[in-house]
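The values are calculated or read from the model by the stated rules, or taken from the named source; none is laboratory data. Quick caveat: nothing in here was measured; it's all calculated off a predicted structure. So basically every Cβ, Gly included, is an ideal-geometry build from the backbone, and we count neighbours across all protein chains shown. For accessibility, only protein heavy atoms count, side chains too; no ligands or nucleic acids. Shrake-Rupley method; radii C 1.70, N 1.55, O 1.52, S 1.80 Å.
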Amino acid sequence: MSRRRYRSASGVAEAYPASSLLRLWILRLLVLLDGRKEFLRDKSFSNDALASAIGLEKWLESERDFVEKEVNAELHKLHLESERMARNSTVPARLTRNIDRLSTLVGLSVTDCRILEFVASLKNEHLLREATDSLGSELSNAKVLHVLATVLDIPEYEIRASFSPSGMLARSNLVTVDSDNNYLSYKLDLLSARFAANIYSADSDPISLIRDRVAPASPAELGLDNFEHIARCLAVLRPYLKNALASRRKGVNIFLHGKPGTGKSQLAKILAQDMGYELFEVACTDEDGDPVKGELRLYALRAAQYFFANSKAILVFEEVEDIFSNGGFFEPSSAQSHKAWMNRMLEENTTPIIWISNSIRSIDPAFMRRFDMVCEVPVPSQKQRERLLQTLCADVLDSRAVARFATSESLAPAVVSKAADVVRSIRAELHEQKVLNVEEAFEFLVNNTLEAQRHRPVRRHDPNRLPEVYDPLFINADVNLREIADGLVQSRAGRLCLYGQPGTGKTAYGRWLAERIDMPLLVKRASDLISMWVGGTEENIALAFRQAEQDGALLLIDEVDSFLQDRRGAQHSWEVTAVNEMLTQIEAFSGVFIASTNLMDGLDQAALRRFDLKVKFDFLKPEQAWELLRRHCAQLSMPAPSPDLLDKVRRMDKLAPGDFAAVLRQSRFHPVTTPRLLVAALAAECALKEGCSGASIGFLP
């Protein structure tokens, strides 16, 4: 321990007032616990201010010889005098009143209160901290109990009972013993620094003492009607929660999970409001904005259980990954480190808790089974997204823009709310600058967030929309595609595999089919589903099917060969598990599912059996190509193609609808003004394909 002296500029130790009880505790530390060995060393005091406070100030006079034997005798004398006056020794009145309130609320024993008095004083009185430092830095947990028993003059078995798992002081986590520290002032800890300051210096109601760790939640911005996409979950959750609150049931724990921004926190607020209860959040950051360690958040949650035991309150614990995720390969999570304690809390908590997480991967199944309900909160369906946008952005977006943004499958409520708030705050400046209008600014903010989350942005002009001249007649398939559509209109269930060369119209047919059946369309590509994380691809596949089920959407998975390769050729275990997950989901899906692929060869045989119909898409027949050319000429306000071009079109045996789409895109910057130029551009597209006859790059009619 560093040897510190506290003296004024004159060289005389400054007097620090010490209450009679504080002096008694200090003297017990020095005399009964042998702290004097460190306090008296090298014919001086290790701390002059401490010596002055307990009555040894005469030995600080510069002309007086320091006789350690005499000082020791006087120290014993002062201790005996303090012991005789012990009955009149009390802690500050404010501390007494605050602890009395806590005792009534939480149910503390007399010993619990005495320990709490001492630890609160230890955190607020520097003289007491200095005195405990004299005990050294090698204090074990057992030694701490002995120190408390000696200083407070309480039998050690009573101290041990207060810190036992069944003791209220330990169960409420008001006072904890930190095994990682050795000095007493660090080993004994209170719920938080602010709690320590408030309980000692201000008359506070018990709830306000923990406001830095557990605070009232802000009001909800949404309503239950914004969560119709989880109606089945709410049909169970709401009555269960209502019944549990009415019967004051113990061990009520609801687990909400889903991707960031899907409205989990809003749902917790809405549920509390619906029940007529106040919602309190366990803080993730302290008063300085710094993150609070998972273990300390658990302590706060445990304490709150007793603070709110008789209140109309619900607790919400967000970002549970903090406590359930491991710190590393060899570092268990906070929950794992306190597994028995954690399990007991999940079974016995008196105040209902809503736990919120972005992912359930890190949760030990042993913990998960103890939650009464586990409910996923996905991104809302398109209809729900449209309603949400109308609710949050009525003064920002018109109905056309609302419909456009609602098509984004990744647009979560939190993203919408944040962007709308920003735009509202700068509306006047946007009008003055005339760089972006309100809708454009909203789009800029939303798209930046979506791209940062690795989602597709919302586009003003969707490049994947159907062309105006689209007609299944211009698809060369081995079945009648209109008849297939008519059948699906009636059954609204079917599994189709569309295969063939790129550009032959597979994805476009899926889009047309969704419109024909009058179903929302959910499109997923390989890049949307493949994850770098173990199990992530399987989770994304399951989520896509679940989302389509919830939305009543036609699910179209493009490049499905990425997930249905023959398992016999797999080189990695994840390749097999991805195929297995896809097959399982296809088998269980009750809606309309379309898979498209350019590579039919090599698909798993079990996958082919899962599809009700396999449809081959091929290059256009000559008559289809000619009629499609005529349609595009009319669309572009060109004259009809002359008959001499028919032979040139016939020779392009690998022409596909996608080639027409590519040429139309080119025409935006390289105008195609005549049918002859259009045919030339189509021939150039064909010339790039392997084995194409009748055309060459640079073909000019």
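Which of the peptides 302-310, 229-237 is most tightly packed, and how do the rest follow, going by the mean number of other Cβ atoms within 10 Å of each residue?
Output ranking for 302-310, 229-237: 302-310, 229-237.
Accessible area of region 244-324 with a 1.4 Å probe: how many percent of it is carbon plus sulfur?
With neighbouring chains kept in place, the figure for region 244-324 is 44 percent.
Taking amide H positions as placed in the peptide plane 1.01 Å from N, state which residues far from Q565 in sequence (5 or more) or on other chains have amide H under 5 Å from it.
D604
Along the Cα-to-Cβ line of A542, 7 Å from the Cα, sits a label point; which residues in region 355-375 have backbone N less than 12 Å from it?
360-362
Using alpha carbons only, how many degrees (0 to 90, rounded to 10) separate the axis of helix 573-588 from the longest principal axis of the chain?
70
Straight-line reach from K293: which lysines fall under 26 Å, measuring Cα to Cα and dropping same-chain residues less than 8 apart?
The qualifying lysines are K123, K187, K259, K264, K269, K339.
How large is the accessible surface per residue of region 623-696, computed with a 1.4 Å probe and reported in Å² as a whole number?
51
Roughly speaking, to the nearest percent, how much of region 131-231's 1.4 Å accessible area is carbon and sulfur?
Solvent-exposed carbon and sulfur of region 131-231 make up 49 percent of the total.
Are any of the pairs K506/K654; K37/K143; K312/K418 more than 21 Å apart by Cα-Cα distance, and if so, which?
With Cα atoms farther than 21 Å apart: K312/K418.
Given a 1.4 Å probe and every protein chain left where it sits, what share in percent of the accessible area of region 573-657 is carbon and sulfur?
On the way: 2040 of 4060 Å².
Carbon and sulfur atoms account for 50 percent of the accessible area of region 573-657.
Calculate, for region 191-328, the solvent-accessible area per residue in square angstrom, rolling a 1.4 angstrom probe over the heavy atoms of the protein chains. Don't skip to the end; give the middle numbers.
Details: 5700 Å² over 138 residues.
Counting only protein heavy atoms, the per-residue value for region 191-328 is 41 Å².
Would you kindly derive the ³J(HN,Hα) couplings of region 222-233 from the backbone phi angles with the Karplus curve 6.51 cos²θ - 1.76 cosθ + 1.60 (θ = phi - 60°), listing them in order in whole Hz, with x for Gly and Pro?
10, x, 4, 5, 7, 10, 5, 6, 10, 4, 5, 5
Pulled fully out, how much extra length does the chain show between D486 and W533, if you take 0.36 nm times their separation in residues and subtract their Cα-Cα distance?
Once the chain is fully extended between D486 and W533, it gains 12.8 nm.
What is the distance in Å between the Cα centres of region 158-215 and region 340-372?
What the calculation gives is 23 Å, centre to centre.
Using modelled amide H (1.01 Å from N, peptide plane; none on Pro or chain starts), what sits under 5 Å from the amide H of S359, excluding residues fewer than 5 places away?
When sequence neighbours closer than 5 places are left aside, the close amide H contacts are G258.
Just to confirm the number: angle between the C-alpha axis of helix 657-666 and the first principal axis of the chain, 0 to 90 degrees, nearest 10?
Result, in degrees: 70.
For A662, what charge total do you get from the other residues with a beta carbon under 13 Å from its beta carbon, if Lys and Arg give +1 and Asp and Glu give -1?
Its environment carries a net charge of +1.
Relative to the first principal axis of the alpha-carbon coordinates of the chain, what is the inclination of helix 675-687, with its axis defined by its Cα atoms, in degrees from 0 to 90 and to the nearest 10?
60
For region 452-547, report the accessible area per residue in Å² (1.4 Å probe, heavy atoms, rounded to an integer).
52
Mind checking the dipole of region 307-388: about its Cα centre, +1 per Lys or Arg Cβ, -1 per Asp or Glu Cβ, Debye to the nearest 20?
It works out to roughly 300 debye.
Once phi is turned into ³J(HN,Hα) by the Karplus curve 6.51 cos²θ - 1.76 cosθ + 1.60 with θ = phi - 60°, what whole-Hz value does each residue of region 254-270 show in order, with x for glycine and proline?
Along region 254-270, the couplings run 10, 10, 10, 9, x, 4, x, x, 7, x, 5, 5, 4, 5, 4, 5, 5 Hz.
Where does the chain land at 222 nm, in deg cm²/dmol rounded to the nearest 500, when only DSSP H runs of n ≥ 4 count, each adding -39500 (n - 2.57), divided by all residues?
Values: 34 runs with 333 residues, N = 701.
Calculated at 222 nm, the ellipticity per residue is -14000 deg cm²/dmol.
Need one number: % antiparallel among DSSP beta bridges in the chain, to the nearest 5.
Rounded to the nearest five, the antiparallel share is 30 percent.
Enumerate by residue number the GluC sites (Glu not before Pro) in region 76-154 meeting two conditions: DSSP loop (anything except H, G, I, E, B), and at most 11 other Cβ atoms within 10 Å of the site's Cβ.
Sites meeting the loop and neighbour criteria: E138.
Can you run phi through the Karplus equation (6.51, -1.76, 1.60; θ = phi - 60°) for region 338-343 and list ³J(HN,Hα) in whole Hz, with x for Gly and Pro?
10, 4, 4, 4, 5, 4
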